[in-house]
Amino acid sequence: MSAAFRFDPIELPPEYDALRRQVREFVASELAAGAWVPKGDFGTYRSAAFSRRLAQRGWIGMTWPKQYGGGERSMLERYVVTEELLAAGAPIGAHWIADRQSGPLLLRFGSEAQKREFLPRIARGEIFFCIGMSEPDSGSDLASIRTRATPVEGGLEVTGAKVWTSYAHESHFAITLVRTGPAGEDRHQGLSQLILDLAAPGVTIRPILNLAGNHDFNEIVLDRVFVPSDRLVGGEGDGWRQVTSELAFERSGPERFLSAHQLLLSLIRRAGAEPEPRIAEAVGRLAAHLWTLRHMSLSIAGMLQAGETPNLEAALVKDLGNAFEREIPELVRLLAPGRRRGAVDPFEAVLAETVLHAPSWSLRGGTREILRGIIARGLGLR
């Protein structure tokens, strides 16, 4: 049976304008102090100190209950803060996964002890999380993972490897998907999630450098790592259901179409008040696409606020958003007006950075092939 896409229009309340002004004033003060310089790809730009300053303003864990260190604000308020920070090119990567994904997972499936131990520390910017899902030789077929957790006295002993794990070398914990039982006919059975202490004996983190020479990705090798039984998230064997519940958080936010935003702004500045017709046409088309994606993403934020799980809509936003992000550097390379030779050119620097990082955008959070398979299944086409 096919499912229909839902993107109900969402209007942000006027009172959210005050929050947006607060974020912009904060960003302006940070830039004036020279605390950081804007960069485009949120996935490669992080600062633990900046994350702690955000935490002091209550902008990490915004939607969580106050008893766990949160602010009990709406998903739409969080959306306002998120899109402003992304558009500003702020170094938000350190706390990003814990705030967007790991924290909500623990809120939904974690034990009371886990919530009290981890959530307030995340909200204060004290600890950071990464995600241990993909494995060597597994590609995007998450159900084929081979990392195994074997029962031992007091907990589980984990052996295996994870790969393409963003920020593992700068994180404290990893929500890790492991096999605790037989796969079953559909291979989705027997999977569980654990909170893995990345400082535990037997954990080795190996760097994987990207095209720009940056260290963002890692391989995590687990050699008989002991994980206490109270670090099991949710029920044993419920890992697949829990993992898929995270996907709407991971795939639908403004980070899925703002990775090249700094380059788009640079193109507009370089073109000036009277751009060439072909540049004006390209910028107009990109702006229309951007605004459409924003409305779709905002609609999903509204669904998440209502407690829904819009995985199908999220997959569509990520697929379209990745195509949009990849289109920007390709267009700019063709259109780039008045290239300056000799002296260091900030426009050229932004373009070069974006071109180098763009290939990873269609991989993180699920490849386009996997996303389109999800969309096709939701439409009843497979």
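The values are calculated or read from the model by the stated rules, or taken from the named source; none is laboratory data. Since the structure is predicted, the reported quantities are computational estimates derived from the model, not experimental observations. Here the Cβ is made from the backbone with ideal geometry for all residues, glycine too, and neighbour counts use every protein chain on show. These area figures cover heavy atoms from the full protein model, side chains too; ligands, DNA and RNA do not enter into them. Shrake-Rupley method; radii C 1.70, N 1.55, O 1.52, S 1.80 Å.
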| message | Kindly evaluate G34 against the criterion of being open to solvent by less than 20 Å² (accessible area, probe 1.4 Å), in a loop (DSSP other than H, G, I, E, B) and either more than 30 Å from I208 (Cβ to Cβ) or not hydroxyl-bearing (S, T, Y) (or both). | response | no
| query | P207 passes all but one of (1) surrounded by 14 or more Cβ atoms within 10 Å (Cβ to Cβ); (2) in contact (Cβ under 8 Å) with a residue 24 or more places away in the chain; which number fails? | reply | (1)
| query | Across region 362-382, which residue is farthest from the chain's Cα centre (by Cα) among those that are part of a loop (DSSP other than H, G, I, E, B) and modelled with pLDDT under 80? | reply | R382
| message | With the structure loaded, tell me whether F129 is of a type in the set (F, W, Y), within 30 Å of R57 (Cα to Cα) and open to solvent by less than 10 Å² (accessible area, probe 1.4 Å) or whether it fails that test. | response | yes
| Does A4 satisfy being farther than 16 Å from G253 by Cβ, open to solvent by 70 Å² or more (accessible area, probe 1.4 Å) and not in a helix (DSSP H, G or I)? | yes
| What are the residues in region 136-151 that are surrounded by 15 or more Cβ atoms within 10 Å (Cβ to Cβ) and modelled with pLDDT of 95 or more, if any? | T147, R148, A149
| field | Looking only at region 8-29, and only at residues there that are assigned to a helix (DSSP H, G or I) and of a type in the set (D, E, K, R), the one that is surrounded by the most Cβ atoms within 10 Å (Cβ to Cβ) | value | R20
| surrounded by 21 or more Cβ atoms within 10 Å (Cβ to Cβ), in contact with a helix residue (DSSP H, G or I) (Cβ under 8 Å, 6 or more places away or on another chain), within 25 Å of N214 (Cβ to Cβ) and among the aliphatic types (A, V, I, L, M) - does that describe any residue in region 57-69? | yes
| request: Could you tell me whether any residue of region 274-295 is touching a Ser or Thr at 6+ places or on another chain (Cβ under 7 Å) and either open to solvent by less than 20 Å² (accessible area, probe 1.4 Å) or more than 18 Å from F5 (Cα to Cα) (or both)? | output: no
| task | With the condition kept exactly as written, say whether any residue in region 103-120 is among the charged types (D, E, K, R), under 29 Å from A32 (Cα atoms) and surrounded by fewer than 23 Cβ atoms within 10 Å (Cβ to Cβ). | result | no
| request: Tell me which residues, restricted to region 152-177, are open to solvent by less than 30 Å² (accessible area, probe 1.4 Å) and either over 21 Å from the mean Cα position of the chain (by Cα) or among the acidic types (D, E) (or both). | output: G155, L156, V158, G160, A161
| field | Subset of region 300-345 (residues that are surrounded by fewer than 14 Cβ atoms within 10 Å (Cβ to Cβ), on the phi < 0 side of the Ramachandran plot and at pLDDT below 90) | value | A306, E308, R333, L334, R339, R340, R341, A343, V344
| query | From the list F42, F7, which one is of a type in the set (F, W, Y) and more than 17 Å from the chain's Cα centre (by Cα)? | reply | F7
